[in-house]
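Visitor: Attaching a single structure in structure tokens format; questions to follow.
The values are calculated or read from the model by the stated rules, or taken from the named source; none is laboratory data. Everything numeric here is computed off the predicted structure, so don't read it as measured data. Don't worry about glycine lacking a Cβ; one is built from the backbone with ideal geometry, like all the others, and counts go over all protein chains shown. These accessible areas exclude ligands, DNA and RNA; they are computed on the full protein's heavy atoms, side chains included. Shrake-Rupley method; radii C 1.70, N 1.55, O 1.52, S 1.80 Å.
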Amino acid sequence: MTRPLDGTVALVTGASSGIGAACAASLAAQGAAVAIAARRKDRLDALAADIRGEGGIALVLESDITDEQQANDAVERTVTELGRLDTLINNAGLMLLGPIVGAPLSEWQRMVELNVLGLLYCAHAATPHLLRAAEDGPRHVADMVNISSVAGRAARSFNGVYSLTKHGIGAFSESLRQELVNRYVRVSLVEPGATATELATHNRPEVLESLRGQIGQRMEATDIADAISFIVTRPRHVAVNEILIRPTEQER
Ligand SMILES: NC(=O)c1ccc[n+]([C@@H]2O[C@H](COP(=O)([O-])OP(=O)(O)OC[C@H]3O[C@@H](n4cnc5c(N)ncnc54)[C@H](OP(=O)(O)O)[C@@H]3O)[C@@H](O)[C@H]2O)c1
């Protein structure tokens with residue numbers, strides 16, 4: 001039985017939990033060999049064991065992508081050890097909420113370092129390989145999927161800097177998409193609404209407390225993985241530029 005991603009290689013950042021882990025499993029089930037990057041190696045090892053248990057190929061990359069060298073090494077090791085790079089899922093991200101007034105600057109720095117710079121380091125290192133895959137790969141098309149957020153569409157009170165980073169990802173993605181369309185590297189944006197993952201748990205206790213009453217319906221990480229899989233399994237002549245996906249009951 002042939003599967004849509006047979007013979008391809010995907011790199012997923014932030015694959016140790018949540019959307020990234022679900023996405024890596026989903027891409028592997030569709031035939032991709034997956035390189036899985038994050039800092040928590042024990043989590044990555046467990047995911048790799050699951051993927052291999054299903055007959056898939058997984059490469060564990062213990063990597064902090066806020067470090068330019070480590071981000072570059074993650075991409076280069078993927079190509080060296082798995083042979084190529086057809087699909088990059090720029091998923092790693094951090095959401096630290098709260099009022100702008102009096103916010104710890106360190107929280108803003110951490111979000112910019114990961115959500116913006118980490119993504120840029122990976123995109124920069126991966127693009128030459130994606131271009132090569134689009135030229136000579138099994139599908140003659142390659143994909144970069146950047147994970148933004150509903151917060152990348154509209155800013156709201158208490159998500160100012162997170163929203164800034166996600167708006168930036170949207171702008172970068174659209175610019176790169178236009179640059180690469182004729183070379184068959186598709187650049188896509190996924191903008192999830194509330195999804196049950198570890199994302200919110202990194203907030204300060206007082207922020208967590210203020211969020212407690214606001215938790216409504218949430219999607220599962222696999223729902224977002226489905227959207228990502230849909231994007232990267234389209235035929236060569238179809239580019240899904242953007243998916244905005246919310247829980248049915250989420251208003252904005
Ligand atoms: N959950 C939601 O409601 C939601 C909504 C909209 C958008 N998103 C976006 O979805 C993406 C995935 O988030 P999630 O919800 O799945 O949250 P999550 O479970 O907290 O996953 C975040 C991932 O990023 C990784 N990461 C953090 N710092 C890193 C670093 N310096 N280097 C490499 N990896 C790092 C984490 O792994 P380690 O800690 O092991 O490094 C983890 O695997 C994010 O971009 C987030 O903004 C989520």
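Visitor: Rounded to the nearest 10 degrees, what's the angle between the helix 160-180 long axis and the longest principal axis of the chain, both from Cα atoms, 0 to 90?
Guide: In the chain, helix 160-180 runs at an angle near 30 degrees to the longest axis.
Visitor: With θ taken as phi - 60° and the coefficients 6.51, -1.76 and 1.60, list the Karplus ³J(HN,Hα) couplings across the range 80-93 in order, rounded to whole Hz; mark glycine and proline as x.
Guide: My calculation for the range 80-93 gives 5, 8, 10, x, 5, 8, 9, 9, 10, 10, 7, 10, 3, x Hz in order.
Visitor: Give, in whole angstrom and from largest to smallest, the semi-axes √(5λ) of the equivalent ellipsoid of the range 120-252, with λ running over the eigenvalues of the Cα gyration tensor.
Guide: Whole-Å semi-axes of the equivalent ellipsoid: 31, 16, 12.
Visitor: Still on this structure: 5 Å is the cut-off here: which amide hydrogens, built 1.01 Å from N in the peptide plane, fall below it relative to L189, excluding neighbours closer than 5 in sequence?
Guide: Distant-sequence amide H within range of L189: N146, E242, I243.
Visitor: OK, next. What is the helix-to-structure angle for 18-29, meaning the angle in degrees between its Cα long axis and the longest Cα principal axis of the chain, kept from 0 to 90 and rounded to the nearest 10?
Guide: Tilt of helix 18-29: around 20 degrees.
Visitor: Next question. Assign unit charges at the C-beta atoms only (+1 for Lys and Arg, -1 for Asp and Glu), then state the dipole size of the range 101-149 relative to its Cα centre in Debye, rounded to the nearest 20.
Guide: Values: 3 positive and 5 negative charges, 4 e Å.
Magnitude of the dipole: close to 20 debye.
Visitor: Applying a 10 Å radius around every beta-carbon, put 184-196, 120-132 in order of their mean neighbour count, most first.
Guide: 184-196, 120-132
Visitor: Report the Cα centroid-to-centroid distance between the range 188-247 and the range 32-110 in angstrom, as an integer.
Guide: A separation of 17 Å, based on Cα centres.
Visitor: Can you give me the Kirkwood hydrodynamic radius for the chain, using every pair of distinct Cα atoms, in Å to one decimal? Kindly include the intermediate steps, with their values, before the conclusion.
Guide: Details: mean 1/r = 0.0552 Å⁻¹.
After inverting the mean inverse Cα-Cα distance, the result is 18.1 Å.
Visitor: Still on this structure, I have one more. In debye, nearest 20, what is the charge dipole magnitude of the chain about its Cα centre with +1 on Lys and Arg Cβ and -1 on Asp and Glu Cβ, if you could check?
Guide: Values: 24 positive and 30 negative charges, 89 e Å.
Charge dipole of the chain: 420 debye, to the nearest 20.
Visitor: In the chain, once you exclude exposed GluC sites (Glu not before Pro) (DSSP loop, at most 16 other Cβ within 10 angstrom), what's the longest stretch remaining?
Guide: Here the longest segment lacking exposed loop sites spans 55-197.
Visitor: Mind checking the angle between helix 119-136 and the chain's longest principal axis? C-alpha axes, 0 to 90 degrees, to the nearest 10.
Guide: Roughly 20 degrees between the two axes.
Visitor: Within the range 64-94, whose backbone N sits under 18 Å from a point 7 Å along Cα→Cβ of Q214?
Guide: Answer for this model: 94.
Visitor: Going through the range 1-87, which trypsin sites (Lys or Arg not before Pro) have at most 15 other Cβ atoms within 10 Å and a DSSP loop state?
Guide: In loop regions of the range 1-87 (DSSP not H, G, I, E or B), the sparsely surrounded trypsin sites (Lys or Arg not before Pro) are R39, R40.
Visitor: Rg and Dmax of the range 160-225, using alpha carbons, in Å: what are they?
Guide: Rg and Dmax of the range 160-225, Cα atoms, are 15.9, 49 Å.
Visitor: Then there's this: Simple spin-label model, 7 Å along Cα-to-Cβ: R156 to T248 in nm?
Guide: Label at R156, label at T248, 2.0 nm between them.
Visitor: A further question follows. State in Å² the accessible area per residue of the range 136-252; use a 1.4 Å probe, count heavy atoms of protein chains only, and round to the nearest integer.
Guide: Counting only protein heavy atoms, the per-residue value for the range 136-252 is 52 Å².
Visitor: Counting only protein heavy atoms, what percent of the accessible surface of the chain is carbon or sulfur at a 1.4 Å probe? Each step should come with its number before you reach the end.
Guide: Numbers: 6120 of 11950 Å².
Carbon and sulfur atoms account for 51 percent of the accessible area of the chain.
Visitor: Picking from L208, L164, L11, which is most flexible by a Gaussian network model of the chain using Cα springs under 10 Å?
Guide: Among L208, L164, L11, the largest GNM mean-square fluctuation belongs to L208.
Visitor: Given the peptides 17-30, 90-103, arrange them by the average over their residues of other C-beta atoms within 10 Å, most packed first.
Guide: Packing proxy ranking, top to bottom: 17-30, 90-103.
Visitor: Give the Rg (one decimal place) followed by the Dmax (whole number) of the range 83-126, computed from C-alpha coordinates and expressed in Å.
Guide: When restricted to the Cα atoms of the range 83-126, Rg and Dmax are 13.8, 48 Å.
Visitor: Specify the residue with the greatest mean-square fluctuation among D42, D73, D64, computed from a Gaussian network of the chain linking alpha-carbon atoms under 10 Å apart.
Guide: D42
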